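Quick note: the coordinates plus some simple rules give every number you see, no bench work behind them. Not measured: the values here are computed from a predicted model. Here the Cβ positions follow ideal geometry from the backbone for every residue, glycine too, while neighbour counts run over all protein chains shown.
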Amino acid sequence: MLGKGLLQGLAVTAKNLVGSYHDPARYVTQEYPEVPPKLPEAYRNFPFLVSETADDPMGTLRCVACQICEKECPPQCIYIEKSKDKKPDATGKPQIYPAVFAIDTAVCMSCQICVEVCPFDAIKMDQEFAIAATDRFGGLLLNREQLAKPNAYYHQIHPTEAAEVDARLAAERRAAEEKARLAAAAKAAPKAAAPASAAMSPTRTAPAPTAAVPPPAPPPSSP
Amino acid sequence: METPEALRDRLLARFPGASIELVPNGSPSAQVSFRIGPAALREVACFLRDDAELALDQCSNVTGLDVPDREVVETVKESQPGAPGGPPVVTERKQTRLQPGHLEVVYHLYSVARRQGPVILRARTGNRTDAVTLPSLTPVWRSCEFQEREVFDLFGVVFEGHPDLRRILMWDAFVGHPMRKDYVEPDDYEWEPTPHGDVLAKARRHYPSAAAPGAVQPSP
Amino acid sequence: MMLPDPAATGLARVRKIEGDALGLRTPAFAPTEGAGDLLEVSLGPHHPSTHGVFRMDVVLDGERIVRLKPVFGYLHRNHEKLGEATSYLGSMPYTDRLDYLNSMTNNWAYALAVEKLAGIPVTERAEYVRVVLAELSRLLNHTCLAGFLMQDCGCSGTPLMYAFREREKILDLFESLSGSRMMCNVQRFGGCRVDPSAEWLAATRRLVDGYGAFLDEFEALLSGNEIVMARTQGVGRLPAALAVNAGITGPMLRASGVGHDLRKVDGYGVYPRFNFRVPIGRDGDVYDRYMVRMLEMRESIAILDQALRDLPGGPILDPKAKQRGLRPKAGEAYGRIEGPKGEIGFFLVSDGTGNPTRYRVRAPSFVNLTVLEDLCLGHTVADAVIILGSIDIVLGEVDR
Amino acid sequence: MILAVAPASPADAWLERAPLLLRDALTGWLPDALRPWVSALLSIAVILGVFGLLFAYMTLAERKLLGRMQNRPGPNRTGPFGLLQPFADAIKALTKEDIVPRAADRVLHFLAPVVLVALSLLGLAVIPFGRNLVAVELEAAVLYFFAAGAATELSIFMAGWASRNKYSLLAAMRALAQLISYEVPLLLSVVPVVVVAGSLSTTGIVAAQGGWAAGIWPHWHALTPWGFSAFAVFMIAALAESNRSPFDLPEAESELIAGHLTEYSGFKYALFFMAEYLGMAALSAMAVTLFLGGWQAPLGLLEFVPSYAWFGVKLLLLLLGFIWIRATFPRLRIDQLTRLSWKFLVPLALVNLLNGGFWAATADWSGPAAAVRWLVSALLVVVPFVALARSLAAGYGPRTYRYAPS
Amino acid sequence: MTTLLAVLALICLAPAVAAVLVRNLIHSALLFVLAWLGLAAFYLALGAEFVAFAQALVYVGGVSMVALFAVLLTRPGRTDLLPPPSAARAVGGLAAVSLVASMLASSLFWSRLPSMEPTAPIPLRRLGELLAGPYLVAVLLVGLILTVALIGGLLLAAPRRPAEGADA
């Protein structure tokens, strides 16, 4: 009978009208500024550089300016310049650090390829999305100081992921020390056999010149 | 579906005059293709579409390829007469030869009726400058209409017999074919000067303001 | 209730294409003698119902369309040249931007092509996760299409809002898995970048269970509606022979009665392990395309049920599979999957270096537009808008 | 519920006579010569005030209800629950620049919205809002209402022509085709009411609908078979006359452009908008008067509620119906729209004319004869409806789909 | 009463004269509408409500549309109509004046002018019975003429585009 479909349609809109007053499934608007959005843990926006401690961010940057992320970044929006000198990193081994590390957030599309290819877990994805700048060129180009955020912040936004990364880094550090100690012990053993007349007294963790800790094999993909 | 070799022999038997050859494919996908001389391209295509056993009624994909001129370094063995009565002296000389490039169009054909494919056809143009016409397959499969226009627009292959050969993605007044390997981007092309690397250098030339104090100065 | 069949109105214009053996050109419509002045109108590029930057140059004879030239390229970013300048891994996030409604299926098509090119095996769990993500993306796409199509028919937003309410649930799932709602960048060569957790799978299970009810309500609102039937039945009829010959793929081809679905034809991934049906239409008009997509969504729900039920354990990605410095041997490969809009394929030619020498995207929306003029001739402007809506194009994919 | 001793008759309940007492209080101290003029001005002021506010809050109600039907809140930022939204819109309309195209015919361009608003207000003069609350008591009130309504096409033509823009003239032609096509069923559906009520004056028609059969079934015209069919045709035609949902062709985005209103902006556009809503309210008010028993109460017991309250409730219910329909239905194409009028509504209204005549002729049948009378009248409605519906919807219908052999 | 009628006469005459003089055809068509409204006001002044509203409904609603459509569809698009040569204008003016004079003369001298006072308005029901009774034949005749005119119009419009079929 002509009109049956029309009445059915009216019934559906009526059901939704009534439903919107009592059934939360039929009233889905979240009024953004008042109601903050609940972001899933995996949410990612622009990257940030991880520094071990909050008080000295530039000193404890994990990044060693290996420029893998600069090469792999699809839109080429990362710009790194190596430092001339070296500074000891978390494990005490002198590493190069980035003198200039700039990400042009006007070009970056937050695809997290840089996080994926970084062998040192030095760059992670942030969750802060309300970013505004007044100037298109300088304003959106975040330099090293603006990008660095402490590991504690990383734990705050990506708890499970941060925990895994820290566990792995701790394990590597332990392995590195274990190897360093073994190397030191192996070097110290022949001297013990020879008369102990050597002047040099083994320092606590002398930099092992010979068995340099092989740079950790780049783990292909960390979640 | 019959093996590529059997199909090539059938085609050669069917079209004695045409030049039909198999092009091997190094990747594990082993999708072998047939390079067909432009002269017989449309007849072969019609045959492939109407043949009962093949029934390739869908041309799924038309792709343009640009193979630029290549410097080929060859070692040429020359034999000069050696000392009298002695063996000739063989000298090897490296000689660079310029292999002329060409434009190529690849057709991926499938059969919807018999659920088989792909059979891949390739056609080469004479060279990359003046002899760039190929017969259009739009009269055989209408799916080639837009895709051939795109190959014309981005590569510059002129399809003879196409009902409406115009640029499809670029605006009509656009000069040049962007997908060619030797395409040079116009310098003053309006773009977003990101202040680093060569882009910064280009920015300095065109947008002095971009090098304003605010932008990061690469350290000396 | 409808205009008499356009061909029978004596308005005939045959657009001659020489050498057309099959004569597949449907008779277009010539302006009748003494047709008065023809009105040249261009709909778009920012016309409210052209789904993005797309223009149609239309010549009207009174109410009837006698010529329609689609014009696009406004969103052309030369995606394929970018592909040549970027590494294989680097192109993956760019494929999200092709058909920006279905980044999951775009990624899968690209990953499949690279796996075919380099011969990379895919882990068992990843195959199932890919099917789950692809079918979720198909649900999302068809729901959006139904919303947009009804918006073009003139409903003032109601079906669109219901469609977007359901789409939000799926996007939340994608966001909690991959980190971004639409630009997921999840697939990798040989598997997926992230492994769905137990509560994610439970949330997906809840969504799938509730989706049938939404479809029933949506169909109650629209499918039986006499005005919808009057506006869409018999409009933009696509004959099966022309559909196949014009390379039309996806729901548009199936609505014309051709049961061609790559999930059955190619049997890629683990689709042969699921039993699902492929709905086909009879007339190939706008109503058939709408109904085929609604039925396809119900089939997707069936597939999701089975995939979630027997999702195996095991690694999501083989750690030794090379992603960053992938250098496939010289050669070429064409990989294709059944995307929500049709056959989306990637043709990659590699010369052994880290970047492909040719990176070609076969976009379904681009090829499906070939017959837009044939469908619209003889109809009114209001019909042309609906026919364009039923083809389901996304300009990111059309212009690349 | 303590009810003061029921007044002798509902007519002289205090609340019932309140408006009249107010009027007498205001005009009592004037010399007799001036009194009719001032009371006329007073009733004009009341009508303008009430229907002006009704228009304002109709726009808000439309956006809130549309929102709620689409699972979203609708405007709720301006004032509590968005109650100040209409005034915000008014200020926006006033401050927006009013662009008049250079080639436009300035006089007609300005005149069109003014004429449209004036005409849609004129119709309200003869509507009986309460027991004896009618602005102008006319013997041929119904004819007056439709005479005022008929001229709206003129202003749409002026708007389309004065904009000097090919597309807006084309769109004005389509709008005129729609209005003229739906003018005929609108008028035809009113004739049976006049035949049965025996008078053209609105107060007469409302009086004819007084009383309740067996205390509970009011004598409203809409509750009789022929009356229900006439009411349905009237409402569909009213939808089309005020360019509302399934027929809002002129402003359809899928059309060429925004119809004949393309060249209007600022306050003139708001005037057109206001005219549309006032037209809708006027047609609904007339529908309430003709079919839903004007200010008659639905039940005898409910007579204590003042009559103008009943009129208001019925009017609001009809207007909410308009919004409900707008939220649900897509739009008809121009040829389907005119075909619906000429091949479905007009024949139905003509048959209904016969039905009304039969109903009036057999007014004195009682007992079993009344049942026969109802049956015949019902048949006279259902049979043509089914026949016409079948011919209208030939070739359409739900389809069954098969699956590809895997 | 007579002053009211004089004012109404002016309301009728002014737009009519303006309609003749104004250059833009559309404006003149719209001015005609004003003249018809003036006529309706006349009937109202004389107490014949039904006739006034009928006049307003039929003329302002329907006939004005016909006039405007006619002006639009037939005009060859030239808005600047050349004023006819002065000789033709003189003859035209003379003819118009003589016609008006003869009509006025006949009505003033030969037939007895009805008294200016409005007679008691006929109740509507009585009017209806009159129309359905003695004047039924006249009403049916008028209906017939209108239908014939309608069908004639359709036939004239139809052949031009037979192929259009059931176009709107």
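Sparse packing (at most 16 other Cβ atoms within 10 Å of the Cβ) combined with a DSSP loop state is found for the following trypsin sites (Lys or Arg not before Pro) in the stretch B:81-131: B:Arg114, B:Arg115. FRET efficiency for the D:Leu354 to E:Val58 pair, using the beta carbon distance and R₀ = 25 Å, is estimated at 0.55. Which FRET efficiency, nearest 0.05, do A:Glu145 and C:Ser42 yield, Cβ-Cβ r, R0 41 Å? In this case the efficiency is close to 0.20.
Spin-label pair D:Leu302-E:Ser102: with each label point 7 Å from Cα along the Cα-Cβ axis, the two points sit 6.8 nm from one another.
DSSP assigns beta bridges within the protein assembly as shown; of those with both partners inside it, close to 90 percent run antiparallel. Each peptide in D:359-371, E:4-16 gets a packing score, the mean of other Cβ atoms within 10 Å over its residues, and the list from highest to lowest is E:4-16, D:359-371. The HN-Hα couplings worked out from phi for the stretch D:304-319 by the Karplus form 6.51 cos²θ - 1.76 cosθ + 1.60 (θ = phi - 60°) are 5, 6, x, 5, 5, 5, 4, 4, x, 4, 4, 4, 5, 4, 5, 5 Hz, whole numbers, x standing for Gly and Pro. With 0.36 nm allotted per residue and the present C-alpha distance subtracted, the A:Lys82-A:Gln156 stretch has 23.7 nm of extension available.
Near C:Asp266: Cβ cut-off under 12 Å, other residues only, Lys/Arg at +1 and Asp/Glu at -1. The net charge is +2. For the stretch D:106-147, the pair-distance distribution built from all alpha carbon pairs, in bins 10 Å wide starting at 0, is 27, 40, 22, 10, 1 percent. What is the Cα centroid distance between the stretch D:197-241 and the stretch C:83-141, reported in whole angstrom? The stretch D:197-241 and the stretch C:83-141 have Cα centres separated by 65 Å. Between D:Ala297, D:Ala240, D:Ala88, the Gaussian network model of chain D with springs among Cα atoms under 10 angstrom shows the greatest mean-square fluctuation at D:Ala88.
Is the C-alpha gyration tensor of chain D telling us rounded, prolate or oblate? Criteria: a/c under 1.5 is rounded; beyond that, a/b larger than b/c is prolate, otherwise oblate. Here chain D falls in the oblate category.
Computed from phi, the 3J(HN,Hα) profile of the stretch D:360-374 under the Karplus parametrisation 6.51, -1.76, 1.60 (θ = phi - 60°) reads 5, 5, 9, 4, 8, 5, 9, x, x, 4, 4, 4, 4, 4, 4 Hz, with x in place of Gly and Pro. With 5 Å bins beginning at zero, the pair-distance distribution over Cα atoms of the stretch D:314-358 amounts to 5, 18, 13, 13, 22, 21, 7, 1 %.
Rounded to the nearest 20, the size of the Cβ-charge dipole of the stretch C:220-334 about its Cα centre is 500 debye, with Lys and Arg at +1 and Asp and Glu at -1.
Normalising by residue count, the stretch C:251-361 has a Cα convex hull of 126 Å³ per residue. Shape class for the protein assembly as shown: prolate, because the ratio a/c of the largest to smallest gyration tensor axis (alpha-carbon atoms, square roots of eigenvalues) is 1.5 or more and a/b beats b/c. Annotation: Cα Rg of the stretch B:91-148 relative to the compact-globule expectation 2.2 N^0.38 Å equals 1.70. Rounded to the nearest whole Hz, the Karplus-based 3J(HN,Hα) values (6.51 cos²θ - 1.76 cosθ + 1.60, θ = phi - 60°) of the stretch C:230-239 follow the sequence 5, 6, 10, 7, x, 9, x, 7, 10, x, with x at glycine and proline. Shielding by partners for peptide C:69-81, expressed as the average number of C-beta atoms from other protein chains within 10 Å of each residue's C-beta, is 4. Measuring r between the beta carbons of C:Met182 and A:Glu177 and using R0 = 56 Å, the FRET efficiency lands at 0.80. The mean sequence distance of close C-alpha pairs (under 8 Å, at least 6 residues apart), as a share of the length of chain C, puts its relative contact order at 25 percent. Averaged over every viewing direction, what's the projected area of the C-alpha convex hull for the stretch C:79-399? Give it in nm², one decimal, please. So the mean shadow area of the Cα hull is 15.3 nm².
Taken residue by residue and averaged, Cβ atoms of other chains lying within 10 Å of the Cβ of C:195-202 number 1. Along chain D, the longest continuous region that contains none of the trypsin sites (Lys or Arg not before Pro) in a DSSP loop with at most 12 other C-beta atoms within 10 Å is D:103-406.
When the listed pairs C:Lys169/C:Lys320; D:Lys64/D:Lys92; C:Lys81/C:Lys116; A:Lys149/C:Lys320; C:Lys81/C:Lys322; D:Lys166/D:Lys343 are checked against a 27 Å cut-off, the alpha-carbon distance exceeds it for C:Lys169/C:Lys320; A:Lys149/C:Lys320; D:Lys166/D:Lys343.
For the stretch A:86-143, applying the loop criterion from DSSP together with a ceiling of 13 other beta carbons within 10 Å to the chymotrypsin sites (Phe, Trp or Tyr not before Pro) yields A:Phe129. Rounded, prolate or oblate: which fits the stretch D:72-175 when a ≥ b ≥ c are the square roots of the eigenvalues of the alpha-carbon gyration tensor, with rounded for a/c under 1.5 and prolate only if a/b beats b/c? Oblate shape, in that a/c is at least 1.5 and b/c is the bigger or equal ratio.
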